[in-house]
Ligand SMILES: Cc1ncc(COP(=O)(O)O)c(C=O)c1O
């Protein structure tokens, strides 16, 4: 039995034996479907670190060898950068470890304001606003905009999907990275809209897709969106910090003034935590009044804001980090392809597609046996038949470490007869 139903009192005839939950049975069901996952503690957030088995409620024990981590989104390796760590510590000392309240009460500090000015500058917008996570940003922004209809790429991130659900919007899903299908869907929906309707339409796309490593055709999407008078919101979670002047794919394509809402996260290439939205002054003022995940949540922790600001400064400067990341990406992609693997994408995310889910999980295990951590990804996260190992190099991997990763892939591929 999972719930306590023995509270006494006179029977009314409506009692059932159990109105509680049975998490153990639900877990067993996930196990049966091979979908159960475990936590794997890591000793520190760097390109090489020991990891431990899930210890449950006990402290983790890191008694194994150091692993090469090709699984983190800290693409520039800035979570371990001394300058970024110092900025977090200084902000904690000067401002406090927590914001203490919602930004709308007493949680709005100079650390938030300085970061927001730099983000707006990087994204070429009038203003920016930071949230406590990228997830909270998407859910808060989409629901506060309250579109009547959203058009969403079929591979958009879960936080966009949840934002659409919370907004209660009619959701039209278009084919991945396909502006022609987007146009066809918008055309069809326009045909079904009564003349003179004042419906609001929002088109949503990731810029860099986290599981496929490809980039949305942003310019073509802008053309379609503009021809219907709709708004476009782009999620730059996996692009922020990596392109022009520390901006994202929107800046690389020179489209800052054609994208109505840019969002992103501070938790990936900026090595911190939190999310942001960037756009016009009126958009930001509207969101800080109405986005529930902003209004009813404590402000982003000031040390996270301080760290993100310093990371953004480094990403914007001519720092060697970006250059080293792209050199590592090229070396790894070339080596994996030369070994006979199929590697998708065109960014720092390298999906090594093996097709079968069991093969992907076996490859993940075999790599771990060789002290390389790169996660196997299977349905329902990716479509059936496209299971893969997602490889994410960092700027802080050495050439020797990239070569060790490649050697592990070659050996594991031969052992499993994948290459
Ligand atoms: C495309 C995309 N958007 C939003 C998020 C959420 O960001 P955060 O991790 O800061 O909550 C993620 C995180 O994985 C993401 O991949």
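Only the coordinates and a few stated rules stand behind these numbers; no lab work does. Treat the numbers as computed from the prediction; the structure is a model and nothing was measured. Glycine gets a Cβ as well: all are built from the backbone with ideal geometry, and neighbour counts include every protein chain shown.
Numbers at a glance
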{"item": "For the range 128-214: rounded, prolate or oblate by the Cα gyration tensor [a/c cutoff 1.5]", "result": "oblate"}
{"item": "The chain - mean residue ellipticity at 222 nm from DSSP helices (-39,500 (n - 2.57) per run, n ≥ 4, rounded to 500)", "result": "-12000 deg cm²/dmol"}
{"item": "Net length gained if the chain between residue 257 and residue 346 were fully extended (0.36 nm per residue, minus Cα distance)", "result": "29.6 nm"}
{"item": "Pairwise FRET efficiency - residue 90 versus residue 63, Cβ, R0 = 51 Å, nearest 0.05", "result": "0.90"}
{"item": "Gain in span if fully extended, residue 411 to residue 36, counting 0.36 nm per residue against the direct Cα distance", "result": "132.3 nm"}
{"item": "Estimated distance in nm for a label pair at residue 226 and residue 175, the labels positioned 7 Å out from Cα along Cα-to-Cβ", "result": "2.5"}
{"item": "FRET efficiency, residue 289 to residue 165 (Cβ-Cβ, R0 22 Å, nearest 0.05)", "result": "0.50"}
{"item": "DSSP-defined beta bridges in the range 82-316 - what % are antiparallel, rounded to 5", "result": "40"}
{"item": "Gain in span if fully extended, residue 19 to residue 356, counting 0.36 nm per residue against the direct Cα distance", "result": "117.4 nm"}
{"item": "Residues of the range 200-223 with amide N under 20 Å of a point placed 7 Å along Cα→Cβ from residue 280", "result": "200-205, 222-223"}
{"item": "Over the range 82-316 - Rg/Rh using Cα atoms and the Kirkwood inverse-distance radius", "result": "0.98"}
{"item": "FRET efficiency, residue 193 to residue 104 (Cβ-Cβ, R0 51 Å, nearest 0.05)", "result": "0.90"}
{"item": "Listed peptides 150-160, 296-306 by packing density, highest first (mean Cβ within 10 Å)", "result": "296-306, 150-160"}
{"item": "Tensor-based shape of the range 286-419 (alpha-carbon gyration tensor, a/c under 1.5 rounded, otherwise prolate or oblate)", "result": "oblate"}
{"item": "Mean Cβ count within 10 Å, highest first, over the residues of peptides 210-221, 272-283", "result": "272-283, 210-221"}
{"item": "Cα gyration tensor shape for the chain, rounded if a/c is under 1.5, else prolate or oblate", "result": "rounded"}
{"item": "Share antiparallel - DSSP beta bridges, the chain, percent rounded to 5", "result": "55"}
